[in-house]
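Structure record follows, encoded as structure tokens.
The values are calculated or read from the model by the stated rules, or taken from the named source; none is laboratory data. Everything numeric here is computed off the predicted structure, so don't read it as measured data. Because the Cβ atoms are built from the backbone with ideal geometry, glycine has one as well, and the counts that use them run over all protein chains shown. The accessibility values were calculated without ligands, DNA or RNA, using every heavy atom of the protein model including side chains. Shrake-Rupley method; radii C 1.70, N 1.55, O 1.52, S 1.80 Å.
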Amino acid sequence: MIYLDHAATSYPKPPVVVDAVRRWYADIGCSPDRGDGPSTRDAAATMQRCREGVARRTGHRPEHVAFCSGATEALNLAIRALASDGALVATTTYEHSSVARALRGLRAERDVRVIKAASIDALIEDIDQRRPDLVVMTHASNVTGEELDAAAVAASTRSKEIPLLLDASQTAGYLPLDVGASAVVASAHKALHGPPGLGFISVDDRHQLAPQKFGGTGSSAALEDHPTSWPQAFEAGTPNMPALYGLDAALTWCDEAGADALLARARGAVRRLTDALRQLEEFTLYGAPPATGVPVLSLCHARYDPLELAAILSSAGVHARAGFHCAPWIHEHLGTHAAGTLRLSPGPATTNGEIDAVVEILASL
């Protein structure tokens, strides 16, 4: 199989990640703060290393890093914690459904108002003129791969003491996340090369978000009230320890491989794709310049629906994704709202031969 869906989930996972997950099942089997003993202490140390690994990337403190089931849950919890009744929220047309649908739900529940910008300049103008209560933005589009200038937005929001929530799901593992955002959210299973079912939220010293779900946190005290101190306040329920063991190994693997090197290899694959497909007149390409952004290329064909293109590739052993990619707003902006796009997203291990094979299939249509 030629795998070109790394923007959804990186595959295959590094062997050290698979081994770490297997080790939890075979040798550990427990969680931090649920009893005592060597295995419990091993689990606690692993979770702490994960906090430290995330904190090194976001520029926040490890005790301000909380884990949950994924970026979707993290974004929903963070938005609910930051968007109060009647809040004005500024965002972009590039957002994932985890933001778009969360804000849509709060419009009815809390009368939250939403303004969407189609560019960073327009977003900063909204911040300057409208003074929103919260800004939520993606770090890079999962449809076009375009990197958005989060540092510029952060500079604008900081000067006005407006919280900025950054969705780094497409950039964590590739790009620096220490851009000055109040809170950074990402998933483990994309460019960080960790397992699915795990995400994090990392917050700065000014924002320790109030808990939005309640339950067990492993405390030995028989308390009725949920804890308010971070990170336990945001981590109700049993942690996904197999995934955390995998993330611990993945963070070390990423550090040793080097984010710049991993990104350069994946960008090289996108560049090869882009250069070849530009020569085919029936294709329309939607993507950032291959030397920038994250390794994602979307396209449409003059005669074939994106779903048909994906089916043709699948029959030839190529795994790609067609449709709207859980990003409901950007397709109006791109003019692809009728059927979406075919998305090709290589990874660091994608070879030139694999890219050439895909181009040959598409060129034969």
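In the stretch 212-234, of all residues being within 20 Å of Cys30 (Cα to Cα) and more than 24 Å from the chain's Cα centre (by Cα), the one that is modelled with the highest pLDDT corresponds to Gly215. Here Ser159 does not fit the description of being surrounded by fewer than 19 Cβ atoms within 10 Å (Cβ to Cβ) and within 13 Å of the chain's Cα centre (by Cα). Would you confirm whether any residue within the stretch 265-274 is closer than 19 Å to Pro12 by Cβ and either of a type in the set (Asp, Glu) or part of a loop (DSSP other than H, G, I, E, B) (or both)? No, there is no match, as no residue in the stretch 265-274 is closer than 19 Å to Pro12 by Cβ and either of a type in the set (Asp, Glu) or part of a loop (DSSP other than H, G, I, E, B) (or both).
Residue by residue, here is whether (1) of a type outside the set (Asp, Glu); (2) closer than 30 Å to Arg321 by Cβ holds:
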{"position": "Ile2", "(1), (2)": "yes, yes"}
{"position": "Ala7", "(1), (2)": "yes, yes"}
{"position": "Lys13", "(1), (2)": "yes, yes"}
{"position": "Gly29", "(1), (2)": "yes, no"}
{"position": "Ser39", "(1), (2)": "yes, no"}
{"position": "Asp42", "(1), (2)": "no, no"}
{"position": "Met47", "(1), (2)": "yes, no"}
{"position": "Arg51", "(1), (2)": "yes, no"}
{"position": "His64", "(1), (2)": "yes, no"}
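Residue-wise test of (1) of a type in the set (Val, Ile, Thr); (2) over 18 Å from the mean Cα position of the chain (by Cα); (3) at negative phi.
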residue: Tyr286; (1), (2), (3): no, yes, yes
residue: Val294; (1), (2), (3): yes, no, yes
residue: Leu297; (1), (2), (3): no, no, yes
residue: Leu309; (1), (2), (3): no, yes, yes
residue: Ser315; (1), (2), (3): no, yes, yes
residue: His333; (1), (2), (3): no, yes, yes
residue: Pro346; (1), (2), (3): no, no, yes
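Pairing each residue of the stretch 337-362 that is touching a residue at least 40 places away in the same chain (Cβ under 8 Å) and over 16 Å from Ala276 (Cα atoms) with any residue that is surrounded by fewer than 16 Cβ atoms within 10 Å (Cβ to Cβ) and of a type in the set (Phe, Trp, Tyr), provided the two are 6+ apart or on different chains, yields C-beta distances under 9 Å for Gly347/Tyr11. Thr292 meets all of the listed conditions (1) at pLDDT below 95; (2) polar (S, T, N, Q); (3) in a strand (DSSP E or B) but one, namely (3). Note on the stretch 14-88: enclosed helices (runs of 4 or more DSSP H) holding 3 or more residues that are open to solvent by 40 Å² or more (accessible area, probe 1.4 Å) and closer than 15 Å to Pro231 by Cβ are 38-58. Considering only the stretch 301-316, I want to know if a residue exists there that is in contact with a Lys or Arg (Cβ under 9 Å, 6 or more places away or on another chain) and either crowded, with 17+ Cβ neighbours inside 10 Å or of a type outside the set (Phe, Trp, Tyr) (or both). Checked the stretch 301-316: at least one residue is in contact with a Lys or Arg (Cβ under 9 Å, 6 or more places away or on another chain) and either crowded, with 17+ Cβ neighbours inside 10 Å or of a type outside the set (Phe, Trp, Tyr) (or both).
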